[in-house]
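The structure under discussion appears below in the form of structure tokens.
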Amino acid sequence: PSARRAPAGGLIKVDSDNTLYEDGGIKARYTDRGADVVKDADGRLKVTKTEKTFEFYTKSNVGRVGLMLVGIGGNNGTTVMATNLANKHNISWHTKNGEQQPNYIGSLVRASTVALGTDPETGKQVYVPISDMLPMVHPNDFVIGGWDISGVSMDKAMARGKVLDYDLQRQLAPYMKEYKPMPSIYYPDFIAANQADRADNVIPGEDKQAHLEHIRKDIRDFKAANQLDNVIVLWTANTERYADIIPGINDTAENLLNAIKTSHDEVSPSTIFAVAAILEGMPFINGSPQNTFVPGCIELAEQKKAFISGDDFKSGQTKVKSVLAEFLVNAGIKPLSISSYNHLGNNDGKNLSSAKQFRSKEISKSSVVDDMVAANPVLFKTAADLTEETGVVTKKGEHPDHIVVIKHVPAVGDSKRAIDEYYSELLMGGRNVMNIFNECEDSLLATPLIFDLAILADLLTRVTYREVPKAGEAGEFQPLYSVLSLLSYMLKAPLVKPGTDVVNSLNRQRNALDQFLKACIGLEHQGDLLLETRVW
Ligand code: NAI
Ligand code: DG6
């Protein structure tokens with residue numbers, strides 16, 4: 001998974017009338033098939049098959065891509081830069097287990113595969129790395145930079161993080177020390193008070209409009225200085241408290257821009273970064289749980305046809321939860337409670353030991369089983385069922401108890417311990433308890449997600465589409481919708497198009513992504529039917 005590169009022109013060539021390889025890109029026709037379901041007067045479900053045809057155009061020139069991290073001096077930020085440099089310069093290092101080579105293990109794009117089809121001779125499935133599906137930037141090629149309110153150089157920041165082996169740090173230090181984070185926006189009220197002693201690298205003044213202009217200029221200058229075609233701006237800074245949603249302040253794009261002009265208290269640093277990226281036409285990803293994307297920010301992205309995605313990296317405990325909860329519910333077993341504890345000792349844990357910042361994390365960690373529960377009214381009574389039973393109007397349906405506890409234990413550093421109990425109802429009143437204990441370096445889980453988010457966000461900015469009506473002309477190609485919910489696999493609380501359902505199920509998120517990548521080369525999703533193995 002380290003530095004394997006597809007040959008120029010790509011590894012895959014689809015031989016079909018639906019797929020056209022042009023000089024500048026790949027044009028592919030894809031028919032999206034579904035079903036409309038309507039309850040008739042007798043209470044019977046009437047199902048009507050639907051289909052819509054689309055054309056996708058993927059620009060194949062990847063160009064030079066920048067990755068600007070907000071919070072670059074933190075554990076994730078330093079590990080991203082270190083991983084990129086170690087892979088780029090092929091630096092191996094000694095550990096107590098022997099020599100270790102750099103790699104991108106944990107990256108969906110670089111280290112996982114997708115089934116493309118079947119070898120007609122052997123009848124075996126053929127798998128390819130996701131990175132070979134379409135032209136994507138290689139993570140070694142990212143030009144990395146960013147901001148931090150802590151001004152220590154990257155070698156010292158990496159040492160402070162205590163994530164990577166000493167022998168690797170020793171070899172990376174000469175490269176890392178060349179880079180010092182750019183000053184950032186610091187509004188102390190948004191992150192924990194215990195972070196104040198880090199804040200020695202801040203943009204002066206309290207004028208939020210000036211801060212916005214400053215960040216916009218940083219992005220422009222970075223792009224120009226490094227001759228970049230695209231710049232992904234990604235928040236991996238401390239978790240902020242939630243901003244209050246105030247009508248007239250952050251509810252519409254216009255109000256939000258005015259609130260920045262008047263330096264309103266409820267505009268957070270992360271929202272200013274998001275607005276700066278949107279106004280510069282660069283994708284912005286929020287890797288933390290706070291509500292950076294206030295309604296006005298989403299509206300602004302829509303107006304500018306800019307790309308945004310969030311919230312909160314889904315690295316370990318929540319990833320497992322979004323698989324296990326779905327497994328239980330899909331097995332017809334009823335989770336009654338899910339109790340999650342974790343303790344960790346890094347600076348993220350220190351910041352989260354403050355109540356308001358913990359609350360942001362609690363919200364994002366708590367929503368992850370909602371869609372699985374809502375999908376099974378056999379096990380979980382709906383609001384309508386409960387209202388009918390009790391006569392009292394109920395807004396929410398039945399739901400397992402779900403608690404989330406996080407404690408800061410400095411001694412364990414970046415090595416997070418996550419303990420989960422799943423308590424479920426079985427046949428005839430039986431009970432099942434499952435316990436999971438997970439231990440690993442948090443930043444080594446988050447770093448590959450950051451690469452994946454940036455690689456896929458860059459790809460999605462190069463994809464345009466148009467609908468092909470059955471009768472009449474297809475219109476102009478246009479960019480995808482602003483909220484990149486196709487990145488949900490990597491995110492705990494996926495932001496989706498307003499009014500559409502959030503999908504938390506990891507498998508469904510993965511299928512959606514695989515299917516989309518296939519659609520862009522004109523392939524139908526093969527699924528797991530494998531009909532040839534079921535018939536004579
Ligand atoms: P960290 O505390 O080591 O790094 C955060 C960095 O952000 C610090 O260097 C801090 O000085 C800087 N910072 C704070 N406010 C800033 C601002 N306004 N502008 C620029 N820099 C600022 O934390 P870590 O472990 O790197 O995590 C980063 C974020 O990612 C946290 O919000 C965390 O909750 C989130 N996250 C981390 C996951 C993981 O597995 N490591 C998973 C999910 C989310
Ligand atoms: C403790 O919960 C710290 C957090 O930042 C988490 O480590 C992070 O959100 C990852 O959580 P999860 O549930 O995806 O492993």
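Nothing in this text is a laboratory measurement; each read-out follows from the coordinates by a stated rule. All of these numbers come straight from a predicted model, not from anything done at the bench. Backbone-built Cβ (ideal geometry, glycine too); neighbour counts: all protein chains shown.
Below are the figures for this structure:
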| quantity | calculated |
| --- | --- |
| Dimensionless Rg over Rh [region 99-257; C-alpha; Kirkwood] | 1.07 |
| Signed unit charges on C-beta, dipole axis of the chain, positive-most listed residue V80, I272, L506 | V80 |
| Percent of Cα pairs exceeding the 21 Å cut-off, where the set is region 172-263 | 49 percent |
| Cα-Cα pairs of region 139-194 separated by more than 16 Å (percent) | 54 percent |
| Integer Hz, Karplus 6.51/-1.76/1.60 couplings in order for region 125-132, x for Gly and Pro | 5, 10, 10, 10, x, 3, 4, 8 |
| Order by protection proxy (mean Cβ within 10 Å, highest first), peptides 30-41, 472-483, 453-464 | 453-464, 472-483, 30-41 |
| Alpha-carbon Rg with Dmax, taken over region 296-447, Å | 18.3, 56 |
| Estimated vicinal HN-Hα couplings, Hz - region 162-167 in sequence order (Karplus 6.51, -1.76, 1.60; Gly, Pro = x) | 6, 9, 9, 4, 4, 5 |
| All aspartates and glutamates inside 19 Å of K223 as judged from Cα atoms, apart from same-chain residues fewer than 8 positions distant | D141, D148, E178, E213, E280, D458 |
| Computed Kirkwood radius, in angstrom, where 1/r is averaged over Cα pairs of region 235-356 | 16.4 Å |
| Lysine pairs in region 22-181 with Cα atoms under 21 Å, if 8 or more residues apart or on separate chains | 11 |
| MRE, 222 nm, helices only [DSSP H, n ≥ 4, -39500 (n - 2.57), over the chain, to nearest 500] | -9000 deg cm²/dmol |
| Region 256-313: translational diffusion in µm²/s, Stokes-Einstein, Kirkwood Rh over Cα pairs, 37 °C, 0.692 mPa s | 291 µm²/s |
| Lysines whose Cα lies under 17 Å from that of K361, excluding same-chain neighbours fewer than 8 positions away | K314, K319, K321, K350, K407, K416, K492 |
| Under the Debye formula (equal points on every Cα, no solvent term), log10 I(q)/I(0) of region 79-153 at q = 0.15, 0.21 Å⁻¹ | -0.74, -1.02 |
| Nearest-20 debye value, the chain charge dipole, Cβ charges on Lys, Arg, Asp, Glu | 720 debye |
| Percentage of interatomic Cα-Cα distances in the chain larger than 43 Å | 19 percent |
| Sparsely packed trypsin sites (Lys or Arg not before Pro) within region 55-163, loop by DSSP, other Cβ within 10 Å at most 10 | K96, K124 |
| Cβ-defined net charge surrounding I308, 15 Å radius [Lys, Arg +1; Asp, Glu -1] | -3 |
| Table column - 3J(HN,Hα) (Hz), region 459-464, Karplus curve with 6.51, -1.76, 1.60, x for Gly and Pro | 4, 5, 6, 9, 9, 10 |
| 10 Å binning of all Cα-Cα separations within region 431-536, expressed as whole percents from 0 upward | 11, 30, 31, 19, 6, 2 |
| Evaluated at q = 0.21 Å⁻¹: base-10 log I(q)/I(0), Debye formula over Cα of region 399-466 | -0.96 |
